[in-house]
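For reference, the structure discussed in these notes is given below.
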Amino acid sequence: MDYMLRTPTESAMEDILIAAGLAQEATDHEGEVMVVPTEGISIDHIGAIPPTVDIDGNILKPGDPRWHTNIRAMIELTPEQVTALPTFTPEPTIPYRVFA
Amino acid sequence: MRSLLGRFHRPMSRGAMGDMLTMNSLGDGSTLSLDFTTGVLDSRLTFSRAGGGTYVGTDGYIYGVDNATSASLAIGTGSKSVTITATASVDRRFQVGQNVYFSNGANNMSGLVTAYDSSTQVITINATATTGSGSFTSWFVGNASPRFDYSPTNIGEPRGLLIEGSASNLVTQSNGATSVWGIGGNRTPTNNTTDLLSPDGTNNATKLVCGTATNYASYATTITGLTGGGTYTVSYWIRGPVGHTPRLYALNGTIGDVTPTATTGTYNNTGWTRLTQTYTLPATTTQVYVYFMSVSIVVTGDTFYVYGFQLETGSGASSLIPTGASQVTRNADICYIPISAIGFNTSGGTFFASFYRGEANLDLNQEGSVLNTDYADTRWLSIKSGYGQTTFGLGAWNASINKTGAGVFGLNTAAGSYASWVTSTTGIFTVNGATAVSGTLSNLGITPNNLMIGSASQSSPYNGVSLRDFLNNSIKSIKYFPTAKSAAELQTLTTP
């Protein structure tokens, strides 16, 4: 199951994913703390959506400066986890990015 | 060659025939011996990739992701069938039991293949998971099974199990659809040309017929939303006469052509070549033109063919991620085996790995792991490249022993072999028969849970997905001996 998520900032997204049990903090071999997905979850951070421009640089479709993330769950999420996700409506007819 | 497919080991299948693993010695003293060039995954290995991924088959064509059509088909569970757009009787190598995704944008359904008939190109899955809703007539079909890769040029030469990290193709319409590729002029594009087969063996490349000689012609698109100062790699297949020069043009920040920091490939007019270039963007550049073709025309009517454009972050080109109207992310390959299944000897043992470093992987400032464990960052082989040197290392959290040299081992463009033995405190290793090096290690006293293949764990212990340092290429074979071999034996073991 895939979910398209949106929050005001990257840190807000990470906080939500951690609180929902879909991500966790981990320390890499150089001591840097990173937020990584938990088992059965793939996370693809997109960030802000840039505007669509034409050949002359004119904006055809405005962008969205908010933080966007796609997740793919290979496990069954609980109703509480699903409720906690910052999904949005309407979803775009043509998503900016999808999973293969 | 395609008619001979049945003679080869079928990729992506699992079965008892491939179970060469045993706790007993296998005759050479090893208690683990896996040969990935057979195209069979040992059933005691755990493999996962949450989505489709492409690979090169035994005939040199690209498989793993296909376009398909259907009558109006609703997202849902149960039996679902679509028709792949490849020519009838061209085997696209889907097999019963493989996990496959049918996707339309963010809507998809996935499940195991229950039937595939290459004569009709109808593929049927028993969908057990879904995302989104609605009914659609066009699809991407993505194979989420293990990928056994083969050489695209030396046809039929196996490269083993392909293990790559996650990557995104930031370019839409990767085969050059005119709906997206509208920049440039003095050429006439034709999508889905029937002039020739594309690198995936179908008619989905774009033909570009150039205009008047001595004039400039180009075929490009705009990419926005990049990170200023970031490193990106462009890759694409091209076929045509001389004259094309790879190009990426910054539209903001420091406006103008960006000079590639690395490039691979020399194309010609007789076959497909994948060209790659790596660029570091100017500090404030976030918009660029990327070019499928950029040429000062030599002869009026010069014709180029292009296919599979990819723009991804980092300094190496990964396997092709086909795109349509959206950018597409390929998820990471995960492969491991329980340490309890390999006869692991905590007092000392020897690992051997033979692996491939592809020509398309520029491998600059990257780190890859061939064999690793899921505990305390213990690694049996890591490869670091950067600053003009390649380093092979054996190590743990805070100690390592390395061999360093500028291309000494030549593993960026060729297969290599590696062997090491380790105890709880010391290690010794060699690469390709070179003189072994040894040193003191630490944190090797912990018995890990799993032997990771082609990646490293993010932190202890491995939890299934928190991985890093992907090999981003393929592993041909691995072995484990529950005894410590001498330096001379390691050299012999790894001599090409």
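Readers should treat all values here as calculations from the given coordinates under stated rules, not as data from a laboratory. Here the structure is a predicted model, which is why all the values come from computation and not from measurement. Quick reminder, even Gly has a Cβ in these numbers, built from the backbone with ideal geometry, and neighbours come from all protein chains shown.
B:G314's amide H: which non-local residues (gap 5+, or another chain) put their own amide H closer than 5 Å, with H modeled 1.01 Å from N in plane and none for Pro or chain starts?
Sorted by chain and number, the residues that satisfy this are B:T231, B:Y232, B:T233.
From other protein chains only, count the Cβ atoms within 10 Å of every residue's Cβ in B:216-222, then give the mean.
1
Return the average number of partner chain Cβ atoms within 10 angstrom of each residue Cβ along peptide B:51-59.
The per-residue average across the peptide is 1.
In nanometres, what is the gap between the two model label sites at B:T77 and B:S340, each 7 Å from Cα along Cα-to-Cβ?
Each label point lies 7 Å from its Cα, and together they span 3.2 nm.
Going by C-beta contacts inside 10 Å, put A:L60, B:L471, B:L251 in order with the fewest on the left.
The most exposed by this proxy come first: A:L60, B:L251, B:L471.
On alpha-carbon atoms, Rg over Rh for the protein assembly as shown using Kirkwood Rh?
0.96
Test of understanding: ordering B:S138, B:S318 by Cβ neighbours within 10 Å, fewest first, what list do you get?
Going from sparsest to densest Cβ surroundings: B:S138, B:S318.
Under a plain spin-label model, where a point goes 7 Å from the Cα along Cα-to-Cβ, how far apart in nm are B:T313 and B:N269?
According to this spin-label approximation, the distance is 4.2 nm.
How long are the semi-axes of the equivalent ellipsoid of chain A, taking √(5λ) for every eigenvalue λ of the Cα gyration tensor, in whole Å from largest down?
That gives 27, 17, 12 Å for the three semi-axes.
For B:R357, what residues show an amide H to amide H distance below 5 Å, using hydrogens built from the backbone and excluding near sequence neighbours?
Residues meeting the amide H criterion: B:A414, B:A415, B:G416.
Lysines near B:K403 by alpha-carbon distance under 21 Å, same-chain residues fewer than 8 away left out - which ones?
B:K384, B:K485
Listed highest first by mean packing, meaning other Cβ atoms within 10 Å per residue, what order do B:217-229, B:77-89, B:305-317, B:43-55 come in?
Going from most to least packed, we get B:305-317, B:43-55, B:217-229, B:77-89.
Explain nothing, just the number: dipole magnitude of region A:1-90 about its Cα centre with +1 on each Lys and Arg Cβ and -1 on each Asp and Glu Cβ, in debye rounded to the nearest 20.
Dipole size: approximately 400 debye.
For B:T120 and B:N402, calculate 0.36 nm times their separation in residues minus their Cα-Cα distance, and state this gained length in nm to one decimal.
This chain segment gains 96.1 nm when fully extended.
Just how far, in whole angstrom, is region B:425-440 from region B:131-203 if you go by their alpha carbon centroids?
Region B:131-203 and region B:425-440 have Cα centres spaced 41 Å from each other.
Given labels modelled 7 Å from the Cα in the Cβ direction, how far is it in nm from B:D28 to B:S151?
If labels sit at B:D28 and B:S151, their model points lie 2.1 nm apart.
Mind listing the phi-derived Karplus ³J(HN,Hα) values for region B:154-170, rounded to whole Hz, using 6.51, -1.76 and 1.60 with θ = phi - 60°, and x for any glycine or proline?
Couplings: 8, 4, x, 6, x, 10, x, 7, 7, 10, 10, x, 5, 8, 10, 8, 8 Hz.
Give the calculated FRET efficiency between B:S438 and A:E25 to the nearest 0.05, with a Förster radius of 30 Å applied to their Cβ-Cβ distance.
So, using R0 = 30 Å, E works out to roughly 0.25.
With a 10 Å Cβ neighbour count serving as the proxy for reagent exposure, in which order, fewest first, do B:D66, A:D15, A:D54, A:D44 appear?
The most exposed by this proxy come first: A:D54, A:D15, A:D44, B:D66.
Which parts of region A:47-76 would a label at A:E91 reach, counting a residue when its backbone N lies under 15 Å from a point 7 Å out along Cα-to-Cβ?
Counting only backbone N, you get A:69-74.
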